[in-house]
Amino acid sequence: QFDAVMNYPLANHLLRFFAYDAIGAEQFSLDLQGYLHQYPKTVQEAAFNLIGSHDTPRLLNLARMNKQKVKLLTAFQLSFTGSPSIYYGDEVGLTGEQDPGCRKCMVWKKEEQDHDMLEFFKKLLNLRKSYPILANDGTFKVLEASNEQNYLCYSKENDKQIFLAVMNNHPAKQTLPLPLDLH
């Protein structure tokens with residue numbers, strides 16, 4: 001029986017959209033839909049959703065040193081179905097290219113760590129722990145994707161709650177309408 005996977009397929013979709021800007025929001029939405037139809041929900045919930053690992057350059061390097069891209073990608077990773085995995089050091093902005101850079105030692109000196117990034121990771125992890133809908137207690141659905149404005153709007157919903165996220169992957173700040181009637 002197939003129970004779970006080291007989820008490099010999902011990581012590749014996330015990196016292509018958030019870190020590399022290789023695809024727009026509409027293609028990312030299609031890729032996600034394909035991914036979601038590839039595995040049963042029980043497998044998706046147990047999937048090892050990693051972005052970086054000992055076999056890849058560090059997340060910050062993959063995002064071309066763009067901390068906002070790292071934050072956006074991580075916010076998606078931690079609100080998506082599955083078991084997110086954070087490779088040691090990504091939470092403090094550790095850098096490193098391909099082997100051996102991706103396997104370098106953790107930076108323990110507080111003055112060499114990115115405390116803003118660490119607080120961001122902690123906040124997201126606390127939200128995921130506090131609201132099970134952000135983990136596996138909700139059904140994921142893309143509501144809207146726009147290549148022109150390069151944003152994605154998605155929801156997770158269960159019988160009691162709805163979580164709505166708008167991911168602006170455009171370099172400029174934007175005002176985006178919510179694709180829901182909340183009255």
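Overview of results
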{"quantity": "Residue pairs meeting the criteria (Cβ under 8 Å; at least 6 apart or on separate chains; first part of a loop (DSSP other than H, G, I, E, B), in segment 32-46; second modelled with pLDDT under 95 and of a type in the set (A, V, I, L, M, F, W, C))", "calculated": "Y39/V5; Y39/A47"}
{"quantity": "Boolean, A47 is of a type outside the set (S, T, N, Q), in contact with a helix residue (DSSP H, G or I) (Cβ under 9 Å, 6 or more places away or on another chain), surrounded by 22 or more Cβ atoms within 10 Å (Cβ to Cβ) and under 20 Å from I133 (Cβ atoms)", "calculated": "yes"}
{"quantity": "Which numbered condition Q38 fails, given (1) under 30 Å from Q149 (Cβ atoms); (2) surrounded by 14 or more Cβ atoms within 10 Å (Cβ to Cβ); (3) at pLDDT below 95", "calculated": "(2)"}
{"quantity": "Hey, L127 out of contact with any strand residue (DSSP E or B) (no Cβ under 9 Å at 6 or more places or on another chain), open to solvent by 70 Å² or more (accessible area, probe 1.4 Å) and not in a loop (DSSP other than H, G, I, E, B) or not", "calculated": "yes"}
{"quantity": "Pairs, first part of a strand (DSSP E or B) in segment 132-143, second surrounded by fewer than 17 Cβ atoms within 10 Å (Cβ to Cβ) and among the acidic types (D, E), C-beta under 9 Å, six or more apart", "calculated": "T139/E157; F140/E157; K141/E157"}
{"quantity": "Filter result for A25 (within 24 Å of Q149 (Cα to Cα), touching a Ser or Thr at 6+ places or on another chain (Cβ under 6 Å) and at pLDDT 95 or above)", "calculated": "yes"}
{"quantity": "Selected residue (only one of G52, G82, G93 is within 26 Å of A165 (Cβ to Cβ), surrounded by 19 or more Cβ atoms within 10 Å (Cβ to Cβ), among the small types (G, A, S) and over 13 Å from the mean Cα position of the chain (by Cα))", "calculated": "G93"}
{"quantity": "Subset of segment 153-163 (residues that are in a strand (DSSP E or B) and either open to solvent by less than 50 Å² (accessible area, probe 1.4 Å) or in contact (Cβ under 8 Å) with a residue 60 or more places away in the chain (or both))", "calculated": "C153, Y154, S155, K156, F163"}
{"quantity": "Residue match in segment 3-20 (condition: among the acidic types (D, E) and either touching a strand residue (DSSP E or B) at 6+ places or on another chain (Cβ under 9 Å) or in contact (Cβ under 8 Å) with a residue 40 or more places away in the chain (or both))", "calculated": "yes"}
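The values are calculated or read from the model by the stated rules, or taken from the named source; none is laboratory data. Note that the structure is a prediction, hence the values are computed from the model and not measured. Cβ coordinates were reconstructed from backbone atoms using ideal geometry, including for glycine residues, and neighbour counts include every protein chain displayed. What goes into the accessible areas is simple: the full protein's heavy atoms, side chains included, and nothing from ligands, DNA or RNA. Shrake-Rupley method; radii C 1.70, N 1.55, O 1.52, S 1.80 Å.
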